[in-house]
Amino acid sequence: MARLKAATIAVAINEAEVDDDDAEGFDRVIAAIAASAPPLFSVHCAGPVSGEAMALARRWESVLLKLRLPIPPIVVYDEFVTDVGVSGMIRCVPSPVLHDVAKLTTTIDRRAMAAHDAYLDELKSVSPEPRAAGPSAIEWRLLPERVKDDNRSAADHADYKLACLGMRVAEGPCSAHQDFPSETVEGLSVLEHSRWMASKNIDGFKHGPVRDNTAGLHPDIVPFEELSLEAKQKDVSQIESLSSLLRSAGQHIEYEASLGCPQTTSVSATAPRFEVALCRILTEDGIADAERAILEGHEVELVISPNGRDVLASATPLAARLSRLLRRAYRITHVS
């Protein structure tokens, strides 16, 4: 939280304390956050007691509907439920998925430790006293959490870089040589520099002519093409060492199987628009028409009226089928 609060352009944070019994006060807090913050990309709800996160999500949904504000995805970290709320925007992340997140966290740490060990080995190869290189030249377990997070950020971004190439990380060793061609290295180096700048922004750094950690200034916070050759080489080295880094963490790179998908039409021009109201889609034939449009590759927009919200809130088979359809829609718009 301290790192996020220090951010200059990356994030906005709202904090509030409300008594459990003060329902109206809680609604006012939600309304204030929604009104003062930039458009909400998502709302994440969690609680120590089963059912608490869903209750919180429904509260957010209710307030945003009353204020006639756009409802972003509302993510509930709780036991799995099929309830998507009145708006259709509630999404549940059940415990098994959270277990996968914990497993991923361990994997990222494994990569980050391998990267730091490689850094220490490089220092030892050029200096008999590596600690003279700076405060980060110590064992992983002794590093400040902020420095560990820098390593984790770089390790986590490897999956995104590889996905851009149609590749992915797989567990286990690989005997094949896995270096990237030079043109790929240059493109990924630009990505790496963008990641690094975002990380520095979160730490509160801005561009300055001379590096000053106390003042939060760094000369390399500029577009990649404006960097010196020496600074560019730092990003290039990160990419060139990616396969060996993953190998040290017990992983390797492989190509993903790709499937050809029909090209979709422009949403702004011709996206099919289905009204979730009794007169249009709230019949089996209406839902079938919308499902067919999605299968044909169209990006479907669903327009939900009060009648549609009433049906979603019911416990009918039609409501369950409509909820599944909402999860596959490109855009959901609410009208009064």
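If R0 equals 35 Å, the separation of the Cβ atoms of residue 159 and residue 296 corresponds to a calculated FRET efficiency of about 0.65. Relative to the current alpha-carbon distance between residue 207 and residue 141, full extension at 0.36 nm per residue lengthens the span by 20.7 nm. For residue 244 and residue 40, a Förster radius of 51 Å and the Cβ-Cβ distance give a FRET efficiency of 0.80, rounded to the nearest 0.05. Note on residue 198 and residue 285: with the Förster distance fixed at 56 Å, the Cβ-Cβ geometry gives a FRET efficiency of about 0.70.
Estimated at 0.36 nm per residue, the fully extended path between residue 255 and residue 126 surpasses their Cα-Cα distance by 42.9 nm.
Peptides 42-48, 188-194 ranked from most to least packed, by the mean per-residue count of other Cβ atoms within 10 Å: 188-194, 42-48. The stretch between residue 67 and residue 231, if pulled fully straight at 0.36 nm per residue, gains 54.1 nm over its current Cα-Cα span. Counted over the range 162-255, the DSSP beta bridges are approximately 75% antiparallel.
Read-outs: derived from the displayed coordinates by stated rules, not from any lab. Worth saying up front: this structure is predicted, and the values here are computed from it rather than measured. Positions of Cβ are generated from backbone atoms using ideal geometry, with glycine treated the same way; all protein chains shown enter the neighbour counts.
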